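Let me begin by presenting the structure, written as structure tokens, before commenting on it.
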Amino acid sequence: MAVRSTPVPTDIHDLDPQDFLEEVHSFEFWFQAVEGYLTGLSYGHKPDTLDTPLAEVDRDRLVTVLCNYCVGETAALEGASGLIAIAPNRLAKVFLSTQVADEGRHLEVFLHRLRDLGIKEPEAEVERRASRSLQLFKRRLLELVASKDWEAAIFAQNVILEALEFAVFHSHAQTADPITREVLLGVVKDERRHIGFGENELGRRLAIAPHIRARIGQVKKELDHLVLDTLEETMKHIGVARDEQDRLGRAYLESVERLGFA
């Protein structure tokens, strides 16, 4: 094993750019991160957390919301796995392999939560209930991956989709039942890493190849309405007030604008 010639700074952000990427895109960093909040959990929640009985209407709404979450996680799982083959360097490939593990776990815990709620065939239920806008988004994301358009696919997956999921999951966790809340808060911690990778990767690519901005801007215009439609539909099922829906929509748009896409 190679030994560092200089001590590792207490704050990883003090590392030089290459050492920073080596650190945060590594399996070692990923393992230490997830171990800190997944140890002792069973399917994303503490084993002794009580499952609060839900009124039938609330249970039905939660089932629909979880079905949409499963579509989003499946899109990210299939997208991340496909992107490994076209990633431009080792560090990106390694990070994406950790993201595949994250997305697989997310899908598993959401499907398990559906079973807890009495859904005997969760995957069939997902097919029946999933948002059409989200299904269209998934199809377009996987088309970008299949076309080997690295920048556009990373933008769609690790900026747009992850920003949407981060905003929705964080909001939902504030009012969710105890088990769903614990599951969502664990997933949100993973989404932060995924968004960071996407923003960092695209920021560096745009700095050296500004001409790709126009293509990514076109992808944004194509996908924005699907994202906002999915957000509005999901927030209604969760029971989020209109002003909060509008705030989350703005939060999504602002997260994209950080990269210069108005």
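Before moving on, here are some points about what is shown:
- Potential lengthening between residue 61 and residue 222 on full extension [0.36 nm per residue; Cα-Cα distance subtracted]: 55.1 nm
- Subset of 120/148; 120/189; 93/236; 120/221; 46/93; 138/221 violating a 27 Å alpha-carbon distance limit: 120/148; 120/189; 93/236; 120/221; 46/93
- Backbone HN-Hα couplings from phi across the stretch 126-131 [Karplus 6.51/-1.76/1.60, Hz, Gly and Pro as x]: 4, 4, 6, 9, 4, 4
- Prolate/oblate/rounded call for the stretch 142-203, Cα gyration tensor, a/c under 1.5 rounded: prolate
- Residue-span extension gain [residue 32 to residue 192] - 0.36 nm each, minus C-alpha spacing: 56.1 nm
- Unit charges at the beta carbon, dipole of the stretch 54-258: most positive-side option, 178, 68, 136: 136
- Cα shape, the stretch 69-115, gyration tensor, a/c 1.5 rule: prolate
- Look at the Cα gyration tensor of the chain: its axes a ≥ b ≥ c give a/c of at least 1.5 with a/b at or below b/c, and that counts as oblate.
- To the nearest 10, the accessible area of residue 208 is 140 Å² with a 1.4 Å probe.
- Here the extension length gained between residue 135 and residue 93 equals 12.5 nm, from 0.36 nm per residue of separation less the Cα-Cα distance.
- From its DSSP helices (H runs of at least four residues, each -39,500 (n - 2.57)), the chain gives a residue-normalised ellipticity at 222 nm of -24500 deg cm²/dmol.
- Accessible area per residue (1.4 Å probe, heavy atoms of protein chains only) ranks 243, 116, 190, 149 as 243, 116, 149, 190, with the largest value leading.
- Computed from the C-beta positions of residue 207 and residue 51 and an R0 of 41 Å, the FRET efficiency is 0.25 to the nearest 0.05.
The values are calculated or read from the model by the stated rules, or taken from the named source; none is laboratory data. What you see is a predicted model, and the numbers here were worked out from it, not measured in a lab. Here Cβ is always computed from backbone atoms with ideal geometry, including for glycine, and neighbour counts include all displayed protein chains. Please note that ligands, DNA and RNA were not included when accessible areas were found on the heavy atoms of the full protein model with its side chains. Shrake-Rupley method; radii C 1.70, N 1.55, O 1.52, S 1.80 Å.
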